[in-house]
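Here the structure comes first, spelled out in structure tokens, and everything after it is commentary.
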Amino acid sequence: MTNHVVDSSSIEVNRRRRRAKSDGLDVRKLLSMLMRYEQGERQVWQVVKVPSVEAEDQRHLHRDLETLKRERASTPTRIKGLLSTQGLQVTTLTKLPEQLEALRLWDGSPIPPGLRDRILRVYAQHTFLSQQIAEIEAERRAQLQTSSDASLDKIRQLMQLKGIGINGSWLLVMEFFTFHRITWWRASPLSESLPR
């Protein structure tokens, strides 16, 4: 038995008039579209290509990296926002604990301890996220150097193009090229002699 998973947004509907809605009508419409699809009319809808468990598992590394980067990007804004409530600012987060000790309020008093502790907690979160990002990036580089997986080979090939780095090539291969049937271009002696 063959199951087709169909993208619901690709199912054709008549937009000129309001459509009656019932399960019976939906079943008849889907059945007629399935018959058209099986007879060779491939444009009737889009069949979703469900990735394998292994292919889906490969996507977690770069998705996790993107999530961590988004979370880390919000921490400097939070720190600056907390400091601005007291009319204070810092230019960099590299030596924030030392900078906090030197900062003074308008009347010369130090930053209140509750605010200082809260800023330090956000800073600790920033540092922890930076450490996790560095670990994932190191793991990704190690995979590129040691693994002989076909998708990692595609990433290496893409990285040879000018202007495409590890992030862009990893995203393209893991999210697009792995699940779509695309003829992968390989350099031939003729193509190497062509000007770029």
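Sorted ascending by nearby beta carbons within 10 Å, beginning with the fewest, Arg36, Arg121 become Arg121, Arg36. By the rule of a C-alpha distance below 16 Å, with chain neighbours fewer than 8 residues away ignored, the lysines paired with Lys29 are Lys21.
Multiplying the residue separation of Ala124 and Met159 by 0.36 nm and subtracting their alpha-carbon distance yields 9.2 nm. Legend: ranking of residues Lys154, Lys69 from fewest to most surrounding C-beta atoms inside 10 Å; resulting order Lys69, Lys154. What the Cβ-Cβ distance of Leu61 and Thr94 gives, at R0 = 22 Å and to the nearest 0.05, is a FRET efficiency of 0.20. Computed from label points 7 Å out along Cα-Cβ, the spacing between Arg116 and Val47 is 6.6 nm. Using R0 = 45 Å, the C-beta based FRET efficiency linking Gln39 and Ile136 works out to 0.40.
Under 16 Å Cα-Cα from Lys162, which lysines qualify once same-chain neighbours fewer than 8 residues away are excluded? Leaving aside lysines fewer than 8 places away in the same chain, those within reach of Lys162 are Lys154. Note on the stretch 53-177: percent of Cα-Cα distances in each 5 Å bin, starting at 0 and stopping at the bin with the largest distance, equals 2, 9, 17, 16, 12, 9, 8, 8, 7, 6, 3, 1, 0. Extension gain, Glu54 to Ser32: 0.36 nm times the residue separation minus the Cα-Cα distance gives 4.5 nm.
Laboratory data are not the source of any read-out in this text; all were calculated from the coordinates shown. This is a predicted model, so every value here is computed, not measured. Ideal geometry is used to build each Cβ from the backbone, glycine not excepted, and the neighbour counts take in all protein chains shown.
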